[in-house]
Structure formats: structure tokens, C-alpha cells
Amino acid sequence: MSIFSLTSACSSLGFNSSILTVQLGFHCNETNNFPGAFVSSPKRTKTKKFYVACSSATNPLLVKAARGDPVSRPPAWMMRQAGRYMAVYKKLAEKHPSFRERSETTDLIVEISLQPWEAFRPDGVIIFSDILTPLPAFGVPFDIEEVRGPVIQSPILSEDCLKALHPIDLEKLHFVGDSLKILRQEVGDHAAVLGFVGAPWTIATYIVEGGTTRTYTNIKSMCHTAPNLLRALLSHLTKAIAEYVIYQVESGAHCIQIFDSWGGQLPPDMWEKWSKTYITEIVSIVRNKCPKTPLVLYINGNGGLLERMKGTGVDVIGLDWTVDMADGRKRLGNDISVQGNVDPAYLFAPLPAVTEEIQRVVKCAGSRGHILNLGHGVLVGTPEEAVAHFFDVTKSLKYDSSSQNHAMEESKLLV
Ligand code: CP3
């Protein structure tokens with residue numbers, strides 16, 4: 001039996017596309033059944049004294065899917081969801097041209113993070129921040145330049161440079177905690193508030209190379225020429241990042257994504273040694289403190305790493321779009337959740353093609369443990385209508401109850 005029945009419907013935006021809808025046999029008591037995109041924005045409430053434990057009473061759809069619990073449809077969010085392509089963000093960025101200001105001022109962080117929430121009602125609201133944001137809080141100043149992107153003024157290239165590092169001072173990151181608290185108040189449990197960090201290897205590529213690189217030659221040669229130095233740096237980052245994850249969870253994040261964006265640049269055996277070790281340590285430290293918080297691991301170019309990623313102990317593996325979702329599911333098995341993996345370029349295609357691709361990916365992923373997402377971030381220039389359509393289509397999906405009962409048997413899902 002197919003997990004869907006296909007009917008034709010028009011989205012709330014009036015697009016002429018055919019959308020998968022429902023044949024729902026079971027009932028799920030989820031809190032985030034918003035009817036469609038462009039619903040009116042919620043009234044901003046004033047921040048009251050607010051404490052969030054590591055898990056909440058009513059779990060958002062995304063948290064359930066991350067844990068592999070039954071859900072009526074896949075939850076969806078997008079990486080680089082906030083900003084970049086939205087007109088309201090571009091206008092705000094003109095007024096506040098410094099990325100450091102935009103990402104380190106509580107009011108601006110909250111406003112930008114909520115822009116896609118107010119426009120599209122995704123199932124996850126990611127904090128507007130960057131993987132490099134915590135660097136100054138443990139001794140590594142950086143800047144983001146318009147053309148060059150991230151710039152680290154004093155790259156770490158010798159043992160002597162390590163002296164600049166100190167334990168993470170979370171007070172210096174109060175704007176992250178403050179913003180997460182407000183975001184949690186704003187969206188309640190209607191959507192998951194997503195925090196994120198960079199994995200030690202990915203952060204280290206910036207700290208060693210001094211910024212963006214295409215070849216990773218300095219850090220890759222350091223693996224051989226100064227392994228103790230690199231190990232010391234990665235260990236320092238591991239402790240700082242683990243503390244930072246716990247801080248984000250205690251401030252209100254429902255779920256944390258670990259971006260090892262440049263882990264796919266390593267040969268798999270080198271990834272095991274220089275990245276997996278440290279991610280696994282972060283997972284174990286965080287699990288100890290926040291056992292219920294789902295952790296997602298994303299690597300750009302992860303086709304050669306999927307099985308190895310599973311060994312880190314995370315709850316969800318993000319797939320980029322170069323891996324077929326059906327292959328990914330087969331390789332990872334049914335005891336872990338998956339996230340992804342529509343090619344971001346699909347959002348430039350005609351809307352019916354977007355609909356079809358969402359249907360295909362969702363069928364391949366199976367009806368348990370799938371968070372729908374792009375295979376990487378939203379691209380600059382993406383039409384907002386396509387993003388709205390993506391979320392509209394998602395909300396019209398419903399898993400068939402019988403396929404939930406036989407969760408994730410691929411042959412059943414690929415009919
Ligand atoms: O893209 C990825 O692979 C995700 C991981 C990642 C982020 N930042 C997360 C992020 C990486 C590798 C970075 C480094 C970084 N920071 C870059 C890439 C440079 C390179 O090496 O290719 C850049 C340009 C920055 C600075 C930055 N971060 C800007 C200008 C912006 C705002 C607009 C934009 O481009 O998205 C960000 C925001 C940002 N970085 C988010 C995330 C998850 C925003 C939260 C979201 O909406 O997803």
C-alpha cells in the first residue's frame with residue numbers, strides 16, 4: 001500500500017500545483033497544525049522570567065520525528081532559513097550592514113529568526129547566528145567581510161598560539177541565550193526552536209586557515225606535521241562547543257544541529273580520526289546533561305561517511321542532495337532518523353516539480369524518523385514563493401496509518 005493517496009489541491013497561495021494530501025488512519029495530537037503559509041504573525045510577548053529544562057512537556061513535531069516517534073507528516077525546516085533570500089531581511093541588512101551586529105544583538109537576532117516563521121510557519125525556527133559566533137568567547141577574534149567571508153586575524157599555526165585560547169565564557173554569548181529564551185516564548189511548542197554549533201573540525205578549518213579555503217592544505221598538512229597541536233586545538237574546541245550546546249539547550253533550544261560542513265573534505269579514515277572522535281565526545285557530554293535533546297549531524301558531501309556518522313551517537317543524520325534518500329535510508333537503517341534532502345536548486349524550478357520532488361524524497365525516507373529539509377542551505381536569490389510552496393506542500397502531506405505501523409520498510413514506501 002502506498003503511504004499517500006494523491007489528490008489535487010491548490011495551496012493557500014493560489015499556486016496551480018498538485019499537492020499530496022491525506023489518507024489518515026491514525027490520529028496524532030500535534031500542536032503545530034497551522035493551516036498554511038502567511039498566517040498572521042503572533043503578538044510579540046514581553047520576556048518574562050523564563051526557564052527551560054532540557055526537554056518540554058509537549059514536544060513539537062520536529063522533536064518527535066527526530067526521536068522516531070509516530071507523526072502524521074514529516075516536519076520541515078530549511079538550513080539558512082533566516083535571511084539571505086527574504087526581502088524583509090535584505091531591507092534590515094541595509095540598515096544594519098554589519099553581520100556581527102545583526103548576529104550579536106538580541107533584538108535583531110530575534111527579529112531575523114522570526115522572519116521566516118512569520119512568513120512560512122516552518123516546523124523549526126533556527127536562531128540567526130553563525131558557527132563562528134562563539135569564537136571570541138574562547139579567545140579567537142574574527143570578522144565577517146563582505147567579499148572574503150569569515151576572517152580570523154590570528155590563525156593558530158603553532159603551539160604558542162594555543163596560549164590565546166581560554167575556556168568558553170558564556171556570559172560573552174548572552175545574546176544567544178537571551179534570543180533563544182525569547183524565541184521559545186514566541187513559538188511556544190508550535191515549532192521546534194533550533195540551536196546550532198559547528199563541529200570542532202569545521203571550526204578548526206577557519207581557525208587554522210584564517211578563513212574560507214578551497215583546498216584545506218594548511219589544516220590537512222597539520223594532521224601530519226603537527227598532530228599534537230591539532231589535537232590540542234580540537235580538544236579545546238570540543239569542550240567549548242559541548243558547553244555551548246548545553247547553554248543553548250538550557251536557554252530554550254529544543255534541538256541542536258551540529259554542522260560539520262567541511263568534514264566531507266576529509267577522506268573517510270581521516271574524518272574518523274580528526275572529526276568523528278571529537279563529535280562523539282560532544283554527543284556524550286551533551287547526552288549526560290540533556291539526554292532528551294535530539295542532536296542532528298550535518299556534513300556537506302557526506303555520501304562516503306553515512307555509516308560512520310551514525311557511530312557518533314546522534315539522533316538524526318542530515319543528508320545532502322547528492323545521496324539518494326532511498327539509498328541513505330537503506331545504508332543507515334531504521335533505528336536512526338534522517339533529515340533532508342531536496343536539492344536547494346529545486347526551489348528555482350516550476351512549483352509542480354518542487355511538489356513532485358518533495359513527494360519522492362518523503363516516500364523514500366519512510367514514514368518514521370524523517371525531517372524534511374533541503375540538502376544544504378537556501379541559495380541566494382531563491383524565490384520566496386518557492387519556499388512558501390515547499391512548506392505548503394509539506395503541511396498537506398499525511399502518512400498512511402498502516403505504513404506507520406510497519407514503519408520504514410522501504411519496499412512498502414516506494415510503491
Ligand atoms: O552553510 C553551511 O554549511 C552551514 C554551516 C555554516 C554556517 N556558517 C552556519 C550558518 C558555515 C560553514 C558557516 C561559515 C560562514 N559564516 C560562512 C561560509 C563561508 C565559507 O567558508 O564558505 C559565511 C558566509 C558566514 C557568515 C554568515 N553566516 C552570513 C553572512 C550569514 C547570514 C546570511 C547567510 O548567508 O545565511 C550567516 C548565517 C548562518 N550561518 C546561519 C547558519 C546556520 C543562519 C541560520 C539559518 O537561517 O540557517
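The values are calculated or read from the model by the stated rules, or taken from the named source; none is laboratory data. Here the structure is a predicted model, which is why all the values come from computation and not from measurement. Heads up, the Cβs are rebuilt from the backbone with ideal geometry, glycines too, and the neighbour counts pull from every protein chain shown. With ligands, DNA and RNA removed, areas are computed over all heavy atoms of the protein, side chains included. Shrake-Rupley method; radii C 1.70, N 1.55, O 1.52, S 1.80 Å.
For Thr280 and Lys172, the difference between the fully extended length at 0.36 nm per residue and the C-alpha to C-alpha distance is 36.3 nm. Put the Cα centre of segment 175-193 next to the Cα centre of segment 321-400 and the gap is 25 Å. Label separation (His224 vs Thr212): 2.8 nm, computed from points 7 Å beyond Cα along the C-beta direction.
Between Val286, Pro167, Phe128, the Cα set farthest toward the positive side of the dipole of segment 61-398 (charges on each charged residue's Cβ, about the Cα centre) is that of Val286.
Taking 1.567 mPa s as the viscosity and 4 °C as the temperature, the Stokes-Einstein diffusion coefficient of segment 61-398 based on its alpha-carbon Kirkwood radius rounds to 65 µm²/s.
Would you please classify the overall shape of segment 339-380 from the alpha carbon gyration tensor, given that a ≥ b ≥ c denote the square roots of the eigenvalues, rounded means a/c under 1.5, and beyond that prolate means a/b larger than b/c while oblate covers the rest? It is oblate, given that a/c is not under 1.5 and a/b is not larger than b/c. Rounded to the nearest whole Hz, the Karplus-based 3J(HN,Hα) values (6.51 cos²θ - 1.76 cosθ + 1.60, θ = phi - 60°) of segment 270-281 follow the sequence 6, 4, 4, 6, 9, 10, 4, 3, 7, 5, 4, 5, with x at glycine and proline. In order along segment 322-330, the phi-based Karplus estimate (6.51 cos²θ - 1.76 cosθ + 1.60, θ = phi - 60°) of 3J(HN,Hα) comes to 7, 9, 5, 4, 5, 5, x, 5, 4 Hz; Gly and Pro are listed as x.
Please work out the Kirkwood hydrodynamic radius for segment 197-317, using every pair of different C-alpha atoms, and report it in angstroms with one decimal place. Please report the intermediate quantities before stating the final value.
Details: mean 1/r = 0.0695 Å⁻¹.
Answer for segment 197-317: a Kirkwood hydrodynamic radius of 14.4 Å.
Rounded to a whole number, what % of the accessible area of segment 161-224 do carbon and sulfur atoms account for, probe 1.4 Å? Write down the numbers at each step before the final one.
On the way: 1210 of 2310 Å².
For segment 161-224, the apolar C and S fraction of the accessible surface comes to 52 percent.
Within segment 283-361, the trypsin sites (Lys or Arg not before Pro) that combine a DSSP coil assignment with at most 15 other C-beta atoms in a 10 angstrom radius are Lys292. What the phi angles of segment 138-145 give under the Karplus curve with 6.51, -1.76 and 1.60, with θ = phi - 60°, is a coupling list of 10, x, 10, x, 8, 9, 10, 9 Hz, glycine and proline written as x.
Here, segment 165-220 yields an orientationally averaged convex hull projection of 5.6 nm² when only Cα atoms define the hull. Once backbone amide H atoms are built at 1.01 Å from N, Val125 has Ala192, Val193, Leu194 as its partners under 5 Å, excluding neighbours fewer than 5 places away on the same chain.
Annotation: extensible slack from Ala232 through Ala353 equals 38.7 nm (criterion: 0.36 nm per residue apart, minus Cα-Cα distance).
Quick one: work out the % antiparallel among DSSP beta bridges in segment 61-398, nearest 5.
Details: 4 of 28 bridges.
Looking only at bridges with both residues in segment 61-398, the antiparallel portion is about 15 percent.
Using every pair of distinct Cα positions in segment 124-170, the Kirkwood expression returns a hydrodynamic radius of 12.2 angstrom. Taken along the Cα-to-beta-carbon direction at a fixed 7 Å, the label points for Lys273 and Lys330 span 3.2 nm.
Taking amide H as placed 1.01 Å from N in the peptide plane, Leu397 has no amide H partner under 5 Å among residues 5 or more places away or on another chain. Our estimate of slack between Val88 and Glu146, defined as 0.36 nm per intervening residue step minus the Cα-Cα distance, is 19.0 nm.
Kindly flag which residue pairs out of Lys330/Lys395; Lys64/Lys330; Lys363/Lys395; Lys172/Lys239; Lys276/Lys395 have an alpha-carbon separation exceeding 23 Å in this structure. Distance filter (> 23 Å) returns Lys330/Lys395; Lys276/Lys395.
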